[in-house]
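For reference, the structure discussed in these notes is given below.
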Amino acid sequence: MLTALIYRVTYVVGNNVWYSLINVKRQRNVMKMAEESENLTKADKTLHIQKRNENGLTLRQQQAADLLALGESKTKAAAAVGVSRQQLHAWVQNVYFRSAVSKRHAEVWQESKERLRGLAVKAVDVIGNEIEGGNLKAAVELLKIVGLSNGKIALAQPSKSVEDLLEIESAKQVDSYMAKLDTPTTPQEVFQREFGLRPQMIKNNLRRLQVIAKVPEDKTEELKPEEVQEH
């Protein structure tokens, strides 16, 4: 009973704290990027779209990726970095941009997990009487809940590289194609398709996707008044 109560309280409080941290961080990023966008001269904005980082993105593309990773809407993210919703939509379709969002999302979750772990100390204080009274099980369960001992709440999410995303896309395309083929009628045909034909098709399709994959374009554009005022 006590273990269940501890789990419930810690889970609810932990998640509320995490979402509060994310919202505060998100709002600060939106305000900062919107202010930077307004202060940029036309020449400065050209620099925004010339240099690219290790993710293959320009500065404002990376800023947009950061905002989306923090849970910001596409509309607000576009306004904050000074691009149209249409241009941001095009970025989101790009494998390099999606990989950058995935990497930043993983970093955000990891940072939040570390801060959430700090709640363990306060939680232990709250149930200190139980622990001091010899309730070792309650203490162990609490540590498990916040991820200090094979935790049940795993906040960190693995990031996906460009190669990972291309492999996923290749498999999806091949599976979509194979779904239209005639259903195998014998175990041998099933085995040959699943472990022979499918892997080879995925591999060949992956090579094709690797050749055509390009970093997202970033171009200057005239924004509509409502897009400029979104932030």
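Brief remarks follow.
- Any hit, segment 180-200, residues being surrounded by 14 or more Cβ atoms within 10 Å (Cβ to Cβ), under 29 Å from ASN55 (Cα atoms) and modelled with pLDDT of 90 or more: no
- Pick from segment 207-231, criterion under 23 Å from the mean Cα position of the chain (by Cα) and not small (Gly, Ala, Ser), ranking: modelled with the lowest pLDDT: HIS231
- In segment 159-183, residue nearest to the chain's Cα centre (by Cα) [restricted to those that are among the polar types (S, T, N, Q) and in a loop (DSSP other than H, G, I, E, B)]: SER159
- Scanning segment 164-179 for residues that are polar (S, T, N, Q) and surrounded by fewer than 16 Cβ atoms within 10 Å (Cβ to Cβ) yields a single hit, SER176.
- For segment 13-118, the helices (runs of 4 or more DSSP H) that sit wholly inside it and include 2 or more residues that are among the polar types (S, T, N, Q) and either out of contact with any Pro (no Cβ under 9 Å at 6 or more places or on another chain) or at pLDDT 80 or above (or both) are 59-69, 85-92, 95-117.
- Filtered by the rule that a residue be farther than 20 Å from LEU59 by Cβ and under 15 Å from the mean Cα position of the chain (by Cα), segment 94-119 gives ALA106, TRP109, GLN110, GLU111, SER112, LYS113.
- Residue list for segment 70-89, filter: crowded, with 16+ Cβ neighbours inside 10 Å, within 25 Å of ILE168 (Cα to Cα) and out of contact with any helix residue (DSSP H, G or I) (no Cβ under 6 Å at 6 or more places or on another chain): GLN87
The values are calculated or read from the model by the stated rules, or taken from the named source; none is laboratory data. The shown structure was predicted, so the numbers you read here are calculated from the model rather than taken from an experiment. All Cβ positions, glycine included, derive from the backbone under ideal geometry; neighbour counts span all protein chains shown.
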